[in-house]
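Below: one structure, written as structure tokens.
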């Protein structure tokens, strides 16, 4: 399936945990409560948007999807191109600036649309942030000197950018960089989970923005922190009871293969790690694995009520202002969706046409 890769990689590093003790906002979730397989129990609307087959938009693999009020932005890292489609799925534009000159890049780790000015910003693995306007005209670039292996970034405020890096020379996995001063502002040390002490780390975006603030959802421990200029504030700690990851069973001083095998075995039977955590003013949404299957969780903030959907799909974007979930469906993955009973005849026809044309689709689901 074409979706952001969630690969597991190993690497050696030393991480120092520090920070003030903060009161936990404990959230207990009963994973044995009734689940549903019916989309209508969770979503008020769902539909399909085919992405136009166009000579200027030869998609190989979609690694990131961003949704605005008027367009879909999709990153294909293999070609280092960002493609833009309108809300009907018709090709609109693309950013293709491969090269070594000003405003050019050799690879793309991540991209975002700056919420403060609407510019599109591209991060390269070697730590160069390039700024373009909404028409992809080059405006500015600056180098995050001294570090590399950057993965993802997001915005704390108009000045400070949060980035995570795998560069072993930097003991903090997250740094805050000042756009105005063009230098490192602060290193952010996250609490270290036992598995991370043994070099097992998920490579996926841990940042999300909600209510004009920036947050991180930690791996394995399933904790949500707000990033501020001064500290990390623990906002939520999810407790899944007997399905919490069994950290106390992990042996010390074993070979790397032991920890990889331990995780692989546990993910087939026990709860592993929250993925794709996002919030809006109304809802909390995320995905998780239970008994080897991917599940979808949605909670209404006001009441605390939640539902667990046992339906396979991996969502790629949550548009918090409209409460919409988007997922990318590759041509080869379409058969996984053929038999969803909720499709009407028009949607089934779109699936069949896309399958025949080897066309990528976007799945849109609106939370009830």
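The values are calculated or read from the model by the stated rules, or taken from the named source; none is laboratory data. It should be emphasised that the depicted structure is a prediction, and the values quoted were computed from it without experimental measurement. Here the Cβ is made from the backbone with ideal geometry for all residues, glycine too, and neighbour counts use every protein chain on show.
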Every pair of residues 6+ apart whose Cβ atoms lie under 7 Å, when the first sits in region 143-160 and is at positive phi while the second is crowded, with 20+ Cβ neighbours inside 10 Å and assigned to a strand (DSSP E or B): 149/165
Yes/no for residue 273 being buried (at least 18 other Cβ atoms within 10 Å of the Cβ), under 28 Å from residue 25 (Cβ atoms) and in contact with a helix residue (DSSP H, G or I) (Cβ under 9 Å, 6 or more places away or on another chain): yes
Residue in region 76-85 that is surrounded by fewer than 14 Cβ atoms within 10 Å (Cβ to Cβ) and within 30 Å of residue 350 (Cβ to Cβ) present: yes
Test for residue 5: is it assigned to a loop (DSSP other than H, G, I, E, B), exposed (fewer than 14 other Cβ atoms within 10 Å of the Cβ) and either touching a helix residue (DSSP H, G or I) at 6+ places or on another chain (Cβ under 6 Å) or at pLDDT 95 or above (or both): no
Residue tally, condition part of a loop (DSSP other than H, G, I, E, B) and at negative phi, over region 264-292: 8
Positions within region 244-259 being surrounded by 13 or more Cβ atoms within 10 Å (Cβ to Cβ), within 27 Å of the chain's Cα centre (by Cα) and farther than 27 Å from residue 32 by Cα, in sequence order: 256, 259
Scope region 315-332; condition over 27 Å from residue 213 (Cβ atoms), surrounded by fewer than 18 Cβ atoms within 10 Å (Cβ to Cβ) and in contact (Cβ under 8 Å) with a residue 40 or more places away in the chain; matching residues: 332
Selection count where residues are at pLDDT below 90 and not in a strand (DSSP E or B), scope region 178-211: 16
Strands (runs of 3 or more DSSP E) contained entirely in region 293-368, each with at least 2 residues that are over 20 Å from residue 205 (Cβ atoms): 293-300, 306-309, 361-367
Residue match in region 282-290 (condition: over 30 Å from residue 74 (Cα atoms), surrounded by fewer than 18 Cβ atoms within 10 Å (Cβ to Cβ) and in contact (Cβ under 8 Å) with a residue 12 or more places away in the chain): no
Top-ranked residue in region 296-314 [being free of Cβ contacts under 8 Å to residues at least 40 places away in the same chain and in contact with a strand residue (DSSP E or B) (Cβ under 8 Å, 6 or more places away or on another chain); ranked as surrounded by the most Cβ atoms within 10 Å (Cβ to Cβ)]: 299
Strands (runs of 3 or more DSSP E) (entirely within region 46-154) containing at least 3 residues that are farther than 24 Å from residue 313 by Cβ: 91-95, 120-123, 128-132, 138-143
Those residues of region 135-162 which are touching a strand residue (DSSP E or B) at 6+ places or on another chain (Cβ under 7 Å) and closer than 21 Å to residue 72 by Cβ, in sequence order: 136, 152, 153, 154, 155
Among (1) in contact with a strand residue (DSSP E or B) (Cβ under 8 Å, 6 or more places away or on another chain); (2) over 21 Å from residue 310 (Cα atoms); (3) at pLDDT 90 or above - the single one residue 53 does not satisfy: (1)
